[in-house]
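The values are calculated or read from the model by the stated rules, or taken from the named source; none is laboratory data. Every value quoted in this text rests on a predicted model; they were computed, and no experiment measured them. All Cβ positions, even for glycine, are placed from backbone atoms using ideal geometry, and neighbour counts span all protein chains on display. All accessible areas refer to the heavy atoms of the entire protein, side chains included, with ligands and DNA or RNA removed. Shrake-Rupley method; radii C 1.70, N 1.55, O 1.52, S 1.80 Å.
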Amino acid sequence: MKRGVHDLALFGGDAAFLQPLYMGRPNTGDRKRLLDRLEWALDNRWLTNGGPLVREFEQRIADLAGVRNCVATCNATAGLQLLLREAEVTGEVIMPSMTFVATAHAVRWLGLRPVFCDIDPDTGCLDPKLVEAAVTPRTGAILGVHLWGRPSRVDELAAIAAEHGLKLFYDAAHALGCTSRQRRLGSFGDAEVFSFHATKVVNSFEGGGIVTDDDTRAERLRALHNFGLGHDGVGAGINAKMSEAAAAMGLTSLEAFADAVASNRANYELYRQELSGLPGVRLIDYDPAERNNYHYVIALIDAGVTGLHRDLLLTLLRAENVVAQPYFSPGCHQREPYRTEHPVSLPHTEHLAEQVIALPTGPAVSREDIRRVCDIIRVAAAHGPRITAQAGA
Ligand code: T4K
């Protein structure tokens, strides 16, 4: 018989955490700095349409990515759409399925077809060999994703794009402050898009940033995200601007970025230490030669070894008030409308999606919290088959 979440509590029904422990807690920075900025914007009576706080935020993000231009947007999904629209991409867009569904929906919403390509299991990002094989006369662009801030195979993808005359863009939603061979993510391909959603390492409540070295592209994007005004050549634009309130939060969160990365890294290392040697539970690695923001602590749960499926572990954690997330499962190709419209089998993506779990981290999560989360995982993994039988799973 299937049981409710609370019947599955491992610690005698007493919640291990009295308050929910979330992954994705916002990095809000210094509240006084935020409120001062908001006051300043109100006094200034300039609230949106390329105000001074947005301009300052754009400059800081461009500097961080090591590029000439950043166009701040209302979110990253709209940023991806603007890029594809500006480049007049048609037909098919080759992309991974192992990503948040926003990447695929951004493409589909424009009437383009996402062509899902399997990943390189070492990186979780597009496998260039399979990208090459997926190119057809209908291909309009390649859209890579730097999953969890780990870099895509940027050189190989650039070579494929150049050979076939394709645009190459990156969804860099997770990748602020990360590098590929010491070069900042954000500076590859024709352009990249960061997300500043509340749950990201730097947040502007909602927000995105398109970064590119191409001044003409940036100028056209700037017009396109403001109804196309001021640039007759771009056609019909839309409203995808960032507000001054969002930029106030973005700038404040950015001031806390270095501290957030340091605490994320310490959290990641503690999880690693606590879970090391636990059969069937493995944390994904970050290349020590690269920079990463360590924003995601991703554990892979091998049910064949633990006797406990990832979904049941998520339920057990939830019963103890720990809100972890299956980022990203199922893969986009297994979600509607894609699975009905264009069924495809992607073995590496499916294998990874079956195992993945994003654990609570961020500046609001204490070392004691992490030890307790790991206690729960250890107990669950030690009794996997029995718990599975009891849950009727
Ligand atoms: N590409 C990639 C690879 C992405 O990961 C994303 C977004 C995008 C593109 C699109 O970027 P945007 O257009 O959003 O800028 C969340 C976010 O909504 C989404 O932005 C993010 N990726 C995705 C990974 O996560 P949900 O539906 O899973 O979020 P939700 O509400 O379940 O929250 C996740 C966790 O964060 C929970 O444990 C609660 C906690 N949380 C959340 C919010 C909003 C907080 O503690 N405080 C908060 O304010 O999608």
Problem - Relative contact order (%) - criterion: Cα under 8 Å, at least six apart; region: the chain - result: 24
Practice task
Would you kindly compute the Cα radius of gyration of region 257-391 and its largest Cα-Cα separation (Dmax), both in Å?
Solution key: 15.8, 47
Problem - DSSP beta bridges in the chain [antiparallel fraction, %, rounded to 5] - result: 55
Fill in the blank from the handout: For region 48-171, the Cα-Cα pair-distance distribution in 10 Å bins from 0, as whole percents, is 13, 41, 34, 11, 1
Fill in the blank from the handout: Most packed first (mean Cβ within 10 Å per residue), the peptides 20-33, 195-208, 70-83 order as 70-83, 195-208, 20-33
Practice task
Assign unit charges at the C-beta atoms only (+1 for Lys and Arg, -1 for Asp and Glu), then state the dipole size of the chain relative to its Cα centre in Debye, rounded to the nearest 20.
Solution key: 640
Practice task
Mind checking the full-extension length gain between residue 227 and residue 28? Use 0.36 nm per residue of separation minus the Cα-Cα distance, one decimal, nm.
Solution key: 68.6 nm
Problem - Lysine pair number, Cα distance threshold 30 Å (strictly under), region 31-255, separation 8 or more or different chains - result: 6
Handout entry: Helix-only mean residue ellipticity at 222 nm for the chain, each DSSP H run of n ≥ 4 adding -39500 (n - 2.57), per residue, nearest 500
Key = -12000 deg cm²/dmol
Exercise for the section: Could you let me know the centre-to-centre spacing of region 122-136 and region 331-393, using Cα atoms, in angstrom? Expected result: 25
Practice task
Using only Cα positions of the chain, each an equal point scatterer, no hydration layer, compute I(q)/I(0) via Debye at q = 0.06, 0.12 Å⁻¹ and quote the log10 values to two decimals.
Solution key: -0.24, -0.95
Exercise for the section: Using R₀ = 56 Å, calculate the FRET efficiency as 1/(1 + (r/R₀)^6) where r is the Cβ-Cβ separation of residue 388 and residue 138; round to 0.05. Expected result: 0.80
Completion exercise
What the Cα atoms of region 114-183 span along the principal axes, largest first and in whole Å, is 35, 21, 18
Handout entry: Ordering of 307-320, 125-138 by packing [mean C-beta count within 10 Å, highest first]
Key = 307-320, 125-138
Practice task
Using only the alpha-carbon atoms of region 27-82, report the extent along each of the three principal axes, biggest first, to the nearest angstrom.
Solution key: 32, 22, 20
Exercise for the section: Could you work out the relative contact order of region 257-391, using alpha carbon pairs under 8 angstrom and six or more residues apart, expressed as a whole percent? Expected result: 34
Completion exercise
In the chain the accessible area split gives carbon plus sulfur, as whole percent at 1.4 Å, a share of 51
Handout entry: More than 22 Å apart - percent of Cα-Cα pairs taken over region 128-275
Key = 51
Practice task
Report, in debye and to the nearest 20, how large the dipole of region 31-255 comes out about its Cα centre when Lys and Arg carry +1 and Asp and Glu carry -1 on their Cβ.
Solution key: 440
Exercise for the section: Just order 94-103, 236-245 by mean Cβ neighbour count inside 10 Å, highest at the front, would you? Expected result: 94-103, 236-245
Fill in the blank from the handout: Averaged per residue, the 1.4 Å probe accessible area of the chain, protein heavy atoms only, in Å², is roughly 43
